[in-house]
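**Q** I'd like to ask you about the structure that follows.
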Ligand SMILES: [Zn+2]
């Protein structure tokens, strides 16, 4: 990188490197100065969450789960701690995410929508436009109509 024979290019490379470092430093300062959100839970709830005797519950329907459960028996939501690491079970977790994009609830954020597009492109390949159509129809659906549909509430 610093083997430029032209001294102007060498100075330009140093200036660009300085700008990149300054930008990185501003990013660090911006993250460190970000406002801290207050903890929504009280101390009793936090202690209960840390207690190993507290049964695990489904994050979608709050049904207590038996130890070693992979999916909620009530709503079918993935609740296992290693669902996304096991190749066979991972398929069902991914399916749950894709279903939430087309029939469930998710936050209407452009970054989340972009994530659905990219992940579905990698998974469905040339059939991804079919999924995108269903995703966009769900995205355009009013919030009240989406809440009435069954499905996990994720993202
Ligand atoms: Zn559940």
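Derivation of every value follows stated rules applied to the coordinates shown; laboratory data play no part. For clarity, every value in this text was computed on a predicted model and none was experimentally measured. Neighbour counts are summed over all protein chains in view; Cβ atoms, including those assigned to glycine, are modelled from backbone coordinates with ideal geometry.
**Q** So how compact is the range 1-132: Cα radius of gyration and Dmax in angstrom?
**A** 23.5, 70
**Q** Label-point separation (nm) for residue 31 and residue 46, each offset 7 Å from Cα along Cα-to-Cβ?
**A** That separation, rounded to one decimal, is 2.3 nm.
**Q** With the contact rule set at Cα under 8 Å and sequence spacing of 6 or more, what percent relative contact order holds for the range 54-147?
**A** Averaging sequence separation for qualifying contacts and normalising by length gives 18 percent for the range 54-147.
**Q** When the helices in the chain are scored as -39500 (n - 2.57) per DSSP H run of 4 or longer and the sum is shared across all residues, what 222 nm value do you end up with, to the nearest 500 deg cm²/dmol?
**A** Rounded to the nearest 500, it is -17000 deg cm²/dmol.
**Q** Hey, another quick one. With 10 angstrom as the radius, rank 54, 102 by how many other C-beta atoms surround their C-beta, starting from the fewest.
**A** Lowest count first: 54, 102.
**Q** Could you calculate the FRET efficiency of residue 136 with residue 90 from 1/(1 + (r/R0)^6), where r is the beta carbon distance between them and R0 is 25 Å, rounded to 0.05?
**A** 0.45
**Q** With a cut-off of 14 Å, note down the residues of the range 40-74 whose backbone N falls inside the zone around a label point 7 Å from the Cα of residue 82 toward its beta carbon.
**A** From the range 40-74, the list is 68-70.
**Q** How far apart, in nm, are the 7 Å Cα→Cβ label points at residue 123 and residue 54?
**A** Here the modelled spin labels are 3.0 nm apart.
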